[in-house]
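First comes the structure, then the notes that go with it.
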Amino acid sequence: MGARGIGKEVKGGTETWWVYVVDRLLAPNITSFLIHCRIMRPDDANIAGNVHGGTILKMIEEAGAIISTRHCNSQSGEHCVAALARVERTDFLSPMCIGEVAHVSAEITYTSKHSVEVQVNVLSENILTGAKRVTNRATLWYVPLSLKNVDKVLEVPPIQYAWKELEEDGKKRYEEQKLERLVTKQRNGDIIFPVFNPEPYTVGYSQSSLIHLVGPSDCTLHGFVHGGVTMKLMDEVAGIVAARHCKTNIVTASVDAINFHEKIKKGCVITISGRMTFTSNKSMEIEVFVDADPFVDEPKERYRAVSAFFTYVSLSKEGKPVPVPQLVVETEDEKRRFEDGKGRYLQTKAKRQVQMQPLTQQ
């Protein structure tokens, strides 16, 4: 891997980013790889000093948005901005702490006619010792929207693949996520209602909501909300649900696929709602919805914009995982959601065991 040119310091608000454009041997197009980094501050973390999962998700999305927008404008034609459509499962492999530097690298790995797949890796660096460790890996999908007409999806310039198998594997991932997005949208009719005088450890006891007015600082050049802003708010609500349930320090362990069903416009009021769906011995799954009320300028009805499942773990004061109080399910819908969550948990557990097999055989 070799860098073309030197880092460029970019200042925005109170943040300073070092952005590097890197030319990889496997991706000759200079728009196909990017690295940025930032030191973690106290306002990025919880009371225990662990960086919020939403902060990491926001940085991941910013890197994806930069590289995909740059690539989609790499050829002459109508200018566009890449809009986030989906984030595949994201695992939080290791907590990041205040004072560490986050290195976020993004690479375009597949392009279809109207979408871009971006792979993002996050490393944490202890700047006192120089030690680095991988904290996150994520896959994001973007679509290019015309600056002149936000409803117009433009074509994506193709990338060059080092091997034919890379293109074939990418096409398979594209078809799988396309199908999954359709299935998720079909089950998005649920609404979270308030529960009065709920019993401890029930779904109603910990469920939470946050209401946010979408302002200019939340939005892209189109006037629609950044995907990273939405994910940060979703993680905040999910974290409140998890903390209410177990009354301990909690950290984000993983995020199941986040699907962006519809755009959210500046001036909308969004309601981010979260509820517990499943608990294992040491983890909690929280379902999070984002609903938008576009009551400014447009007489459109409230609609479901984003949905996802977040998984949290409970930690002791020493930062060690501790058992989670078991969720008490009361209604048939809660029992169904619990069984669905259990299925996702067992499926993820089985995948991890398969991934660990080659390591144990060495």
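The values are calculated or read from the model by the stated rules, or taken from the named source; none is laboratory data. Because the structure is predicted, anything quoted here is derived from the model rather than measured. All Cβ positions, glycine included, derive from the backbone under ideal geometry; neighbour counts span all protein chains shown. Areas reflect the complete protein model, heavy atoms only, side chains present, ligands, DNA and RNA absent. Shrake-Rupley method; radii C 1.70, N 1.55, O 1.52, S 1.80 Å.
Given the conditions (1) open to solvent by 10 Å² or more (accessible area, probe 1.4 Å); (2) under 19 Å from the mean Cα position of the chain (by Cα), which single one is not true for Y205?
Only one criterion in (1) open to solvent by 10 Å² or more (accessible area, probe 1.4 Å); (2) under 19 Å from the mean Cα position of the chain (by Cα) is unmet by Y205, namely (2).
Could you grab me the full set of residues in segment 277-301 that are in contact with a strand residue (DSSP E or B) (Cβ under 6 Å, 6 or more places away or on another chain) and under 22 Å from G204 (Cβ atoms)?
If the condition is that a residue be in contact with a strand residue (DSSP E or B) (Cβ under 6 Å, 6 or more places away or on another chain) and under 22 Å from G204 (Cβ atoms), then T277, F278, S283, M284, E285, I286, E287, V288, F289, V290, D291 are the ones that fit.
Of everything in segment 214-243, what is hydroxyl-bearing (S, T, Y) and open to solvent by 30 Å² or more (accessible area, probe 1.4 Å)? Give them in sequence order. So that I can check it myself, show each step before the final result.
So the first thing to find is which residues in segment 214-243 are hydroxyl-bearing (S, T, Y), and the list is 217, 220, 230.
The answer is S217, T220.
May I ask you to list pairs of residues, at least six apart or on different chains, whose Cβ atoms are under 8 Å apart, with the first in segment 212-229 being of a type in the set (F, W, Y) and the second being surrounded by 17 or more Cβ atoms within 10 Å (Cβ to Cβ)?
F224/A83; F224/V150; F224/K263; F224/I264; F224/K265; F224/K266
Under the condition of being of a type in the set (K, R) and in a helix (DSSP H, G or I), which residue from segment 181-202 is modelled with the highest pLDDT?
If we filter segment 181-202 for residues that are of a type in the set (K, R), which is where we start, we get 181, 185, 187.
Going one step further and asking which of them are in a helix (DSSP H, G or I), we end up with 181, 185.
Numbers: R181: 78, K185: 60.
Ranking the candidates gives R181 first.
Quickly run through segment 211-241 and pick out the residues that are of a type in the set (S, T, Y) and either part of a strand (DSSP E or B) or at pLDDT 95 or above (or both). Lay out the reasoning, then the answer.
Just the residues of segment 211-241 that are of a type in the set (S, T, Y), to begin with: 217, 220, 230.
Across segment 211-241, the qualifying residue is only T230.
Among L140, L154, L145, which is touching a Gly at 6+ places or on another chain (Cβ under 7 Å) and open to solvent by less than 40 Å² (accessible area, probe 1.4 Å)? Explain how you work it out, then say what you get.
Working: L154 fails: touching a Gly at 6+ places or on another chain (Cβ under 7 Å); L145 fails: touching a Gly at 6+ places or on another chain (Cβ under 7 Å).
Criteria check complete, one pass: L140.
Could you tell me whether any residue of segment 244-257 is open to solvent by less than 70 Å² (accessible area, probe 1.4 Å), closer than 20 Å to Y303 by Cα and in contact (Cβ under 8 Å) with a residue 40 or more places away in the chain? Walk me through it before giving the result.
At the first step, the residues of segment 244-257 found to be open to solvent by less than 70 Å² (accessible area, probe 1.4 Å) are 245-246, 248-257.
From the residues that got through so far, the ones that are closer than 20 Å to Y303 by Cα too are 257.
Add one more test, that the residue is in contact (Cβ under 8 Å) with a residue 40 or more places away in the chain, and what stays is 257.
Yes, segment 244-257 contains at least one residue that is open to solvent by less than 70 Å² (accessible area, probe 1.4 Å), closer than 20 Å to Y303 by Cα and in contact (Cβ under 8 Å) with a residue 40 or more places away in the chain.
Open to solvent by less than 100 Å² (accessible area, probe 1.4 Å), out of contact with any Ser or Thr (no Cβ under 6 Å at 6 or more places or on another chain), in a helix (DSSP H, G or I) and touching a residue at least 12 places away in the same chain (Cβ under 8 Å), is that true of E175? Break it down stepwise before answering.
On the way: open to solvent by less than 100 Å² (accessible area, probe 1.4 Å): yes; out of contact with any Ser or Thr (no Cβ under 6 Å at 6 or more places or on another chain): yes; in a helix (DSSP H, G or I): yes; touching a residue at least 12 places away in the same chain (Cβ under 8 Å): no.
No.
Looking at (1) open to solvent by 10 Å² or more (accessible area, probe 1.4 Å); (2) of a type in the set (V, I, T); (3) over 30 Å from G49 (Cβ atoms), can you tell me which one V101 breaks?
For V101, the failing item is (3).
Select from segment 95-152 the residues that are assigned to a strand (DSSP E or B) and small (G, A, S) and write down the one among them that is nearest to the chain's Cα centre (by Cα).
Residues of segment 95-152 that are assigned to a strand (DSSP E or B), as a first pass: 97, 101-111, 116-125, 132-146.
Checking the rest, the ones that are also small (G, A, S) come to 102, 105-106, 124, 138, 146.
Numbers: A102: 16, S105: 15, A106: 14, S124: 18, A138: 8, S146: 24 Å.
Within segment 95-152, the match that is nearest to the chain's Cα centre (by Cα) is A138.
Would you check if I211 is closer than 25 Å to Y303 by Cβ, among the hydrophobic types (A, V, I, L, M, F, W, C) and open to solvent by 100 Å² or more (accessible area, probe 1.4 Å)?
Working: closer than 25 Å to Y303 by Cβ: yes; among the hydrophobic types (A, V, I, L, M, F, W, C): yes; open to solvent by 100 Å² or more (accessible area, probe 1.4 Å): yes.
So I211 fits the description; yes.
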